[in-house]
Amino acid sequence: MSEKKLFSGFRLAHTMLRVLNLDLSLKFYCDTLGMKILRKNDYPDGRFTNTFIGYGLETDSPTLELTYNWDQKEPYEKGNGWGHICIETPNVYQACENLAAIGIKITRPPGPMKHGTRIIAFCEDPDGYKVELNEKIITKWWKDILMNNKPKLYKFKDIEHRYQTLEPGGTYIKPFVTSKVSDSMCGGLNFLNNISVPWDLTCDEIIYCMKGTFRLTCDGESYICSPGDVLYVPKDNHIAYECDEKCIIFYAAYPHDWKKKAGLTHVPGIDPEDMGVEEN
């Protein structure tokens, strides 16, 4: 595979500058130059504030990151005032592996940022300037903006025909709550008809039986659910979803990106067009 293909999907994400007076910097960049404050995060444990500003959404356009260190008293010299540029990548871990394989120095291995949770890494360009490798900007903050942080109603009637036409030996799963609307959990409906679906569970799951009789087997033991019953199933269990006739269950799972973390590209009952919704 060519180096060009290895690094497809990369884009310039942001440039970071350390500033002595955040208010003055925001006045200059926002009030004078017309940028907008996109997000602002305080990190008390690290005693610094990160403010991202720009002319467009952070998911679409490169931005400027202003880092204000609370205890800084003296003006920065140009040398230590410069921080890094940031490149967004589809997968920080894979990007570091690919870069290291062609001789690029990784100065900070991939992992959660200090005082935070976002996955980052650092490498160096030929002049020794720091280049941050970052994961996608899909956070609850952005979802609140894009989805207006309002309740979202999903109608059973929109998929009822899939239940009515489900043949014996079939299963259908409709993921409703996905990574597009939640950064913590996911959920949806599962229709089953006279079937047993073995599965290695990689997430915590809560099942609510809505219609019919649902049976879950685990380690030779059966858990029978009638309408109204709730079943909790912890991760790392080998189970089977079963029923002798048609049934409907609602499921809620944590974490929301369990398919991605498990490296799954196919789940029995989920339509191909719905398989990617957890990855966005």
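Just want the ordering: Cys30, Cys86, Cys247, from fewest to most Cβ atoms lying within 10 Å of their own Cβ.
Cys30, Cys86, Cys247
Find the eigenvalues of the gyration tensor of the Cα atoms of the stretch 3-137, then list the square roots of 5 times those eigenvalues as equivalent ellipsoid semi-axes, largest first, in whole angstrom.
Computed over the stretch 3-137, the values are 27, 17, 14 Å.
Equivalent-ellipsoid semi-axes (√(5λ), Cα gyration tensor) for the stretch 1-74, whole Å, largest first?
Taking √(5λ) for each Cα gyration eigenvalue gives 28, 17, 10 Å.
Are there cysteines in the chain with no other Cys C-beta under 4.7 Å, and if so, which?
Lacking a cysteine Cβ partner under 4.7 Å: Cys30, Cys86, Cys96, Cys123, Cys186, Cys203, Cys218.
Run through all the Cα pairs of the chain and give the fraction in each 5 Å bin from 0, expressed as whole percent.
Bins of 5 Å from zero give 1, 5, 9, 13, 13, 12, 10, 9, 8, 7, 5, 3, 2, 1, 0 percent of pairs.
With axes computed from alpha carbons, what is the tilt in degrees of helix 92-101 against the longest principal axis of the chain, rounded to the nearest 10 within 0 to 90?
Around 60 degrees separate the two axes.
What list of ³J(HN,Hα) values in whole Hz, one per residue of the stretch 172-177 in order, does the Karplus curve 6.51 cos²θ - 1.76 cosθ + 1.60 (θ = phi - 60°) give from phi, with Gly and Pro shown as x?
Karplus values, whole Hz, x for Gly and Pro: 9, 10, 10, x, 9, 7.
Using a 10 angstrom cutoff on alpha carbons, build the Gaussian network for the chain and name the most mobile of Leu133, Leu153, Leu64.
Leu153
Taking amide hydrogens as modeled 1.01 Å from N in the peptide plane, which residues meet the under 5 Å criterion relative to Leu133, leaving out close sequence neighbours?
Ile87, Ala121, Phe122, Cys123
Starting at the first residue of the stretch 38-46, write each ³J(HN,Hα) from the Karplus equation 6.51 cos²θ - 1.76 cosθ + 1.60 with θ = phi - 60°, in whole Hz, x for Gly and Pro.
8, 6, 9, 10, 9, 10, x, 5, x
Using Cβ contacts closer than 10 Å as the measure, can you line up Thr178, Thr217, Thr89 from fewest to most?
Details: Thr178 20, Thr217 15, Thr89 25.
Fewest-to-most Cβ neighbours within 10 Å comes out as Thr217, Thr178, Thr89.
Normalise the Cα radius of gyration of the stretch 156-279 by 2.2 N^0.38 Å (N = residues in it) and let me know the number.
Computed over Cα atoms of the stretch 156-279, the ratio equals 0.99.
Computed from the coordinates by the stated procedures, all read-outs in this text should not be read as laboratory data. Model, not experiment: these values are computed from the prediction. Ideal geometry is used to build each Cβ from the backbone, glycine not excepted, and the neighbour counts take in all protein chains shown.
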